Amino acid sequence: MSMKPIHVIGGGMAGSEAAWQIAEAGVPVILHEMRPERGTEAHQTDGLAELVCSNSFRSDDAENNAVGLLHEEMRRCGSVIMANGDAHHVPAGGALAVDRDRFSQGVTEALENHPNVTIERGEVAGIPPEDWDSVIIATGPLTSPALAEAVKGLTGEDELAFFDAIAPIIHHESINMDVAWAQSRYDKGEEEADKAAYINCPMDREQYYAFIDALLDAPKTEFKDWEKDTPYFEGCLPIEVMAERGRETLRYGPMKPIGLTNAHQPDVKAYAVVQLRQDNALATLWNMVGFQTKLKYGAQTDIFRMIPGLENAEFARLGGIHRNTFINSPKVLDGALRLRAMPRLRFAGQVTGVEGYVESAAIGLLAGRFAAAERLGRDVTAPPATTALGALLTHITGGHLEGKQTFQPMNVNFGLFPDIEKPTHDADGNKIKGKEKGRARKRALSARALNDVNDWLNASAAAEAAE
């Protein structure tokens, strides 16, 4: 008798990863993606795992950065997202950035060619049919209204939402490199391409304040009445919202000038710097780092051309804004990501309350592994909370929220990890001092996490081999 398939709704980062993990476990999976039959406010193609905001997976440093650690854990789990991220990376200093079109094509082809995967195009409106006994809902921040309302009815919870904005993308040939220069902050990166992975546009004090004035005075997107009380995610604020918080805010955020030396005027320190990051393999498209915005389109072109080096900028895509929806996961999901009110439904990705491409894919990875183990009659074992995967799972299932009344989206960070005894001496026996104490702690957390994720994977492999 053939095995009954698991259904995954949503072909974004989380859904694609969930489907891949299920298929790799030898279980048939049907991946439902509503595009192109029904579009969204943010997507531009019908490709799986389309990146709609930045093209960056952020830091790839597995020793000193929590998201870099998450990258490495996912690689060890056979992640299709990380495999294609690595295959289609573009220079980005110490970060992992990708050619978004080739990345999406790679993920799409991998799933289309997998013998255990069936892709069905079309919207799943409402609660899935009862004969779908194992379903992963990975519809992301842009869940269709019909499905969102159905889930809301099941959980009895009020909908939680926030806004997420998209940064503009500029054609490289339109950047004035007589003013701008290529350099990663502090020359980070081992290869020369990484050390020059960002294009930097300098501003003096007068230019900076004129730019801030223009941001504050410019027309913004008008929100609908029912959207006006929706909070932003603090890690992805529109630049004009940051400017409203204080005229110096951007200088200490995405426009900070530290760690950069103007190649054209080495002795002149910029008051502020706008950075652009490569967006495709051909290096023809560059996105404005941290410049997510809700400015109206006409205002964007006028204001962003005030930036030195971008006087004649041609935009491949202007910034935009869309509404993100997430559920109150600690209250409505169990530790295996199942909906308490209907356990045949699991949730994965950004709709669960994680923030970021990699974090979304990571929860898809776990949901896929959990669903496959359940289908195969194996124990569903979560990764230890000491790992990046386990820390994220703990975040969205409530383990660290004791005594708190609200639940908000979160990027992976070392603050989610159980503490560790801080190292006092280095490998040579020297006492660790100053800022090095914090770095040593991060390295210790990372080393413990990779050891524990290996043990978790080895235990799963041993259980499978013993069957």
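Before we move on, is A283 among the small types (G, A, S) and more than 19 Å from A316 (Cα to Cα)? So A283 fails the test. Kindly indicate whether R344 is out of contact with any helix residue (DSSP H, G or I) (no Cβ under 7 Å at 6 or more places or on another chain), touching a residue at least 24 places away in the same chain (Cβ under 8 Å) and of a type in the set (D, E, K, R). The answer is yes for R344. Only one of the numbered conditions (1) surrounded by 23 or more Cβ atoms within 10 Å (Cβ to Cβ); (2) modelled with pLDDT under 95 is violated by T284, and that is (1). Answer yes if at least one residue in segment 251-267 is among the aromatic types (F, W, Y), open to solvent by 30 Å² or more (accessible area, probe 1.4 Å) and touching a strand residue (DSSP E or B) at 6+ places or on another chain (Cβ under 9 Å), and no otherwise. There is no residue in segment 251-267 that is among the aromatic types (F, W, Y), open to solvent by 30 Å² or more (accessible area, probe 1.4 Å) and touching a strand residue (DSSP E or B) at 6+ places or on another chain (Cβ under 9 Å). For segment 298-398, the strands (runs of 3 or more DSSP E) that sit wholly inside it and include 1 or more residues that are open to solvent by 20 Å² or more (accessible area, probe 1.4 Å) and under 23 Å from P231 (Cα atoms) are 320-326. Scanning segment 15-34 for residues that are assigned to a helix (DSSP H, G or I), more than 18 Å from R378 (Cα to Cα) and open to solvent by 10 Å² or more (accessible area, probe 1.4 Å) turns up just one, W20.
So F291 passes all but one of these: (1) assigned to a loop (DSSP other than H, G, I, E, B); (2) open to solvent by 10 Å² or more (accessible area, probe 1.4 Å). Which condition number does it fail? Answer for F291: the failing condition is (2).
Checking each residue in segment 73-87 for being open to solvent by less than 10 Å² (accessible area, probe 1.4 Å), closer than 15 Å to A14 by Cβ and not in a loop (DSSP other than H, G, I, E, B) picks out M74, V80, I81, M82, G85. The set of residues in segment 120-136 being open to solvent by 50 Å² or more (accessible area, probe 1.4 Å) and either touching a Leu at 6+ places or on another chain (Cβ under 9 Å) or closer than 22 Å to R338 by Cβ (or both) consists of E120, E123, A125, I127, P129, E130, D131, D133. All conditions but one from (1) touching a residue at least 40 places away in the same chain (Cβ under 8 Å); (2) part of a strand (DSSP E or B) apply to A283; the one that does not is (2).
For G93, the conditions (1) surrounded by fewer than 22 Cβ atoms within 10 Å (Cβ to Cβ); (2) in contact with a Ser or Thr (Cβ under 8 Å, 6 or more places away or on another chain) are fulfilled apart from (1). Residues of segment 177-206 that are under 18 Å from N55 (Cα atoms) and in contact with a His (Cβ under 9 Å, 6 or more places away or on another chain): I199 alone.
The residue that is nearest to G68 (Cα to Cα), among those in segment 425-461 that are free of Cβ contacts under 8 Å to residues at least 12 places away in the same chain and of a type in the set (K, R), is K435. Within segment 50-60, the set of residues being in contact with a helix residue (DSSP H, G or I) (Cβ under 6 Å, 6 or more places away or on another chain), within 16 Å of V90 (Cα to Cα) and either β-branched (V, I, T) or part of a loop (DSSP other than H, G, I, E, B) (or both) comprises L51, N55, D60.
If you check Y271, Y297 for being in contact with a helix residue (DSSP H, G or I) (Cβ under 8 Å, 6 or more places away or on another chain) and of a type in the set (S, T, Y), only one passes: Y271.
The values are calculated or read from the model by the stated rules, or taken from the named source; none is laboratory data. None of the values given here were measured: they were computed from a predicted structure. Cβ: placed from backbone, ideal geometry, glycine included. Neighbour counts: every protein chain shown. Keep in mind that these areas ignore ligands, DNA and RNA; they rest on the heavy atoms of the full protein, side chains included. Shrake-Rupley method; radii C 1.70, N 1.55, O 1.52, S 1.80 Å.
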